[in-house]
Amino acid sequence: MIVKDLVEKLELKILVEGDLDREITGGYCGDLLSWVMGRAKADDCWFTVMGNINAIGVCVLADCSCIVLCENATLDDNAKARAEMQGVSILSSEENSYTLATKLGNLL
């Protein structure tokens with residue numbers, strides 16, 4: 001599955017359009033950045049409420065496919081600018097991470 005398909009199937013809002021053709025092979029839920037950095041895998045879709053500049057750095061270091069901000073969490077302006085610069089797709093949903101991860105698991 002690619003990010004563009006995830007947007008369509010989970011009815012996600014695009015906050016930053018990075019590489020929408022990037023492959024998604026798994027998912028990771030977490031808000032503790034150091035924990036995510038050491039455990040998320042390349043090509044994971046990362047579900048979080050962390051919409052700050054540090055989350056963008058973690059996403060790049062972990063090589064995640066995209067970030068989905070859950071429960072309508074906000075993306076701050078610095079994070080948005082960094083995501084645009086780094087080509088990171090940032091998506092948004094009103095649903096919680098458990099619900100979204102379950103849906104992703106069914107799609108994969």
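Things worth noting here:
- Residue ranges of strands (runs of 3 or more DSSP E) in segment 23-108 with at least 1 members farther than 18 Å from I2 by Cβ and open to solvent by 30 Å² or more (accessible area, probe 1.4 Å): 26-29
- Filtered residues of segment 8-17 (kept if within 11 Å of the chain's Cα centre (by Cα) and open to solvent by 20 Å² or more (accessible area, probe 1.4 Å)): I14, L15
- Condition check for S93 on (1) free of Cβ contacts under 8 Å to residues at least 12 places away in the same chain; (2) under 11 Å from the mean Cα position of the chain (by Cα): one failure, at (1).
- The residue pairs whose first member lies in segment 21-42 and is among the hydrophobic types (A, V, I, L, M, F, W, C), whose second member is open to solvent by 80 Å² or more (accessible area, probe 1.4 Å), and whose beta carbons are closer than 7 Å, counting only pairs six or more residues apart or on different chains, are L33/N54; M37/L61.
The values are calculated or read from the model by the stated rules, or taken from the named source; none is laboratory data. Given the structure is predicted, the values throughout are model-derived calculations rather than measurements. FYI the Cβ positions are ideal-geometry reconstructions off the backbone, even for glycines, and counts take in every protein chain you see. Quick note on the areas: whole protein, heavy atoms, side chains included, nothing else; ligands and nucleic acids left out. Shrake-Rupley method; radii C 1.70, N 1.55, O 1.52, S 1.80 Å.
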